[in-house]
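The values are calculated or read from the model by the stated rules, or taken from the named source; none is laboratory data. Being a predicted model, the structure only gives us computed values, none of them experimental. For neighbour counting, all protein chains shown are included, and Cβ atoms are generated from backbone atoms with ideal geometry for every residue, glycine included. Please note that ligands, DNA and RNA were not included when accessible areas were found on the heavy atoms of the full protein model with its side chains. Shrake-Rupley method; radii C 1.70, N 1.55, O 1.52, S 1.80 Å.
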Amino acid sequence: MRKRLGTMVSDVLRSVFKKPATQLYPFERKPAPVAFRGKLIWEPEKCAGCMLCVKDCPANAIELIVLDKVNKRFVMRYHADRCIYCAQCVVSCRFKCLDLSDEEWELASTGKEPFTVYYGKEEDIAFLLEKMARDNAGENASCEE
């Protein structure tokens, strides 16, 4: 019994003066590895609206909403909570307008709202959100009657 107690005390004393073996995250951060698959990034000015990314996404995490195809007005709705980060959309994109970030990868949240991301021009996103709000208000009014 004494032998075990002596061994335990010596282990405790040795551990007190050792440097911790773990990383002190989030205070000490290491850079993400090369080719890390983080948050989806979309460049709307390169997009032609072919929708290959939408068709090839196995998780249905991408929606491309066409406002005006002739003038290349698109809004991409990205559901980060559905995404499996397989990069199939990046591979499928012929116009190289999609990429997975190696800098934005801390995507945890306590609510569901941050997981739906809208990409596009600010005025196009505002137009789409207003239209969706009007449509939802119309549905609620017809349900109350």
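Remarks
- The one condition from (1) touching a Lys or Arg at 6+ places or on another chain (Cβ under 8 Å); (2) farther than 19 Å from Val117 by Cα that Glu63 does not meet is (2).
- Test: residue in segment 137-145 that is at negative phi and either surrounded by 17 or more Cβ atoms within 10 Å (Cβ to Cβ) or outside any helix (DSSP H, G or I) (or both): yes
- Residues in segment 55-75 that are of a type outside the set (D, E, K, R) and free of Cβ contacts under 8 Å to residues at least 12 places away in the same chain: Val70, Asn71.
- Looking only at segment 69-86, and only at residues there that are under 22 Å from Ile125 (Cα atoms), within 15 Å of the chain's Cα centre (by Cα) and not small (Gly, Ala, Ser), the one that is most open to solvent (accessible area, probe 1.4 Å): Arg82
- Count of residues meeting criterion [out of contact with any strand residue (DSSP E or B) (no Cβ under 6 Å at 6 or more places or on another chain) and of a type outside the set (Lys, Arg)] in segment 48-58: 6
- Test result for Ile84, part of a strand (DSSP E or B) and aliphatic (A, V, I, L, M): no
- Flag if Val66 is open to solvent by 40 Å² or more (accessible area, probe 1.4 Å) and in a strand (DSSP E or B): yes
- Selected residue [open to solvent by less than 100 Å² (accessible area, probe 1.4 Å), touching a residue at least 12 places away in the same chain (Cβ under 8 Å) and in a helix (DSSP H, G or I)] from Cys47, Cys89: Cys89
- Gly111 being open to solvent by less than 60 Å² (accessible area, probe 1.4 Å) and at positive phi: no
- Scanning segment 19-48 for residues being basic (Lys, Arg) and modelled with pLDDT of 85 or more gives a total of 3.
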